[in-house]
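Just so it is clear, none of the values below were taken in a lab; they were calculated from the coordinates. It should be emphasised that the depicted structure is a prediction, and the values quoted were computed from it without experimental measurement. So basically every Cβ, Gly included, is an ideal-geometry build from the backbone, and we count neighbours across all protein chains shown.
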Amino acid sequence: MVRTRDGKNYLVPFSLITLLFFLWGFANSTHGVLNKFFQDALQLESTDTAWIQAMVYGGYFLMAIPASKIISKFGYKTGALTGLCLFGVGALLFYPASTTLSFPFFLFALFVMGCGMTCLETACNPYATRLGDPETGVQRLNMAQTFNGLGCIGGPAIGLLVYSGNTESAATEDGMFRVALPYICMGLTAFVVALFFSFIKLPDIRDVKRQNADEADAKSGLIHNKGFLLGALALFMYVGAQTVLNSYFISYTTSLEGLDISPKTASLLLGFGAMTLFLLGRVICNWVMKFVEAPKILAVFCIGGVVTMFLMAIQILGSSANLAMYMLAFFFESLMFPAVFALSIEGLGKKDTQTASAVLIMCIVGGAVVPVVMAWVERVTSMAFSFIVPSVCFMFVFVFALYKVIFLKKANI
C-alpha cells in the first residue's frame, strides 16, 4: 500500500505522517466537549457556542490558500511544521483565556488552532495519497485517517476533567483552567513533535510524476471538472455534518427523557462509544476496499447516515433508540472524509492536485457554516428536528458517491 510501481517504499514517512493525523483528531474531538461546558458555565445559548466551531473552521477557510502557497514553495514538511507551530500557539493561548474568563479570547485561541490544523491537513492529506501507488490512494488516506479516528476517541475523555466540578465552580478561574489544561498539554506536545520533525528527512514528492495523471484535466482546469466540484460540495457538507454530530452529542444525550445521562457520562459515551464506532468503521472499510471499490462503499455509508439522522429528526423512536441511531451515525460517517477527499483529487495532474487540495481544505469551512444553520433550525423548531440538517448534508455526499459509481462503470466499459 505504501510502495510505488517503481519499487520505492514510503513506509517510514507514511508512519510519521499518521502521528499528525492523531494529533488534530484528538483536538477536533476535544472541541465538542466545549459546547456544553460554555453553555453551562457562562450561561450561553447554543447559537452562541456555535461560534466555537465557526472560529475553528473559519481558520480553515482563511488559511487554506496561504498554506498551499507555503507547501508549493517550501514543501510538505515545511507546511506541516508551520501547522504544528500555529497549533501549539493557539493551544497555549487557552491559559491566558482561562485567567480572563473571556469567551472571545477562547474563540481567538481556537481560530489560531484552526489555522494550524489547516496547514497540517493541507500538507498531510494529499501527501498521504501520494506516498505509494495512485490506485491505492483512497485506501492509504483512509488508513492514515484511522489514526485520526483513534485520536477522536481520546478527545471526549477530556470531559472527565472538564466536568469534574459543578456548574457553579466552572465559571471561575479554577474551573476554566480545567478546560485550558488539556489544551496546554496539546500545545506543548505540538512543539515537541515539531522539534522532532525538524530533524527528520521526508521525501519531497512535489517532483514525483503521477504515472496516470490526466493531462486533459490539467488543461481544462478544476472549474470544468464536475467530479472535483461535486467533491468539494460533498466535503463542505460532510464536515458540517460531522461537526454538528460532535458538538451536539453531549447536549442532546443529556436532554433525552428517561435516561438521566450526566455530561460526564455523555462524554464517555462520545469517546468510548460513538468515536469507537467511528474508528471501527474506518478499520472495516480499509479491509473491505481490498474487494469493493471505494465509491460503492461510500454510497452505502451515506444512505446509513441519511437514515439515522432522519429517524432522529422525525421523532418516531424512543430515547434509547434515538441514542443508538446517533451513535450509529458515527460509524456511517467514518469513511466519508478520506473517500471524498481522495476521490475528488483522483486523476488530476500534478499542478492541479496541489490547487485542488487547498480548495478542498477551504471547504472544511462547512464546519463553521452548518452548525450555525442547525442552531437556527433548533431555535425555530426543536433540537430533535434540527438533525434533519446533517441528514440533508449526507444526502449531498451520496450524490457525489453515486456520480463516482456511475463514472467508475463507464470507465470499466
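Observations on the model:
- From helices alone, the chain scores -26000 deg cm²/dmol at 222 nm; the rule is -39500 (n - 2.57) for each run of n ≥ 4 DSSP H residues, then divide by the residue total.
- Average Cα contact separation per residue, the chain, under 8 Å, 6 or more apart, as relative contact order %: 26 percent
- Rounded tilt (10° steps) of 226-255 against the dominant C-alpha axis of the chain: 20 degrees
- Most fluctuating residue given options ASP48, ASP352, ASP260, as computed from a GNM of the chain linking Cα atoms under 10 Å: ASP260
- Computed over the range 267-344, relative contact order equals 48 percent, with contacts defined as Cα pairs under 8 Å that lie 6+ residues apart.
- The relative contact order of the range 299-411, computed from alpha carbon pairs under 8 Å that lie at least 6 residues apart in sequence, is 44 percent.
- Selection from ALA368, THR381, LEU323 lying farthest towards where the dipole of the chain points positive, charges on Cβ: ALA368
- All other residues whose Cβ lies under 13 angstrom from that of LEU298 are scored, Lys and Arg at +1 and Asp and Glu at -1, for a net of 0.
- Over 26 Å between alpha carbons, listed pairs LYS73/LYS201; LYS8/LYS296; LYS69/LYS201: LYS8/LYS296
- Built amide H within the under 5 Å cut-off of LYS8, gap 5+: none
- Cut-off of 10 Å, at most 12 other beta carbons, DSSP loop: longest stretch of the chain lacking such GluC sites (Glu not before Pro): 46-256
- Largest GNM mean-square fluctuation among LEU150, LEU44, LEU328, using the chain with Cα springs under 10 Å: LEU44.
- Computed extension gain for VAL292 through PHE191, at 0.36 nm per residue and net of the alpha carbon distance, reaches 32.3 nm.
- Highest-fluctuation residue, LYS264, LYS296, LYS73 considered, GNM on the chain with Cα pairs under 10 Å: LYS73
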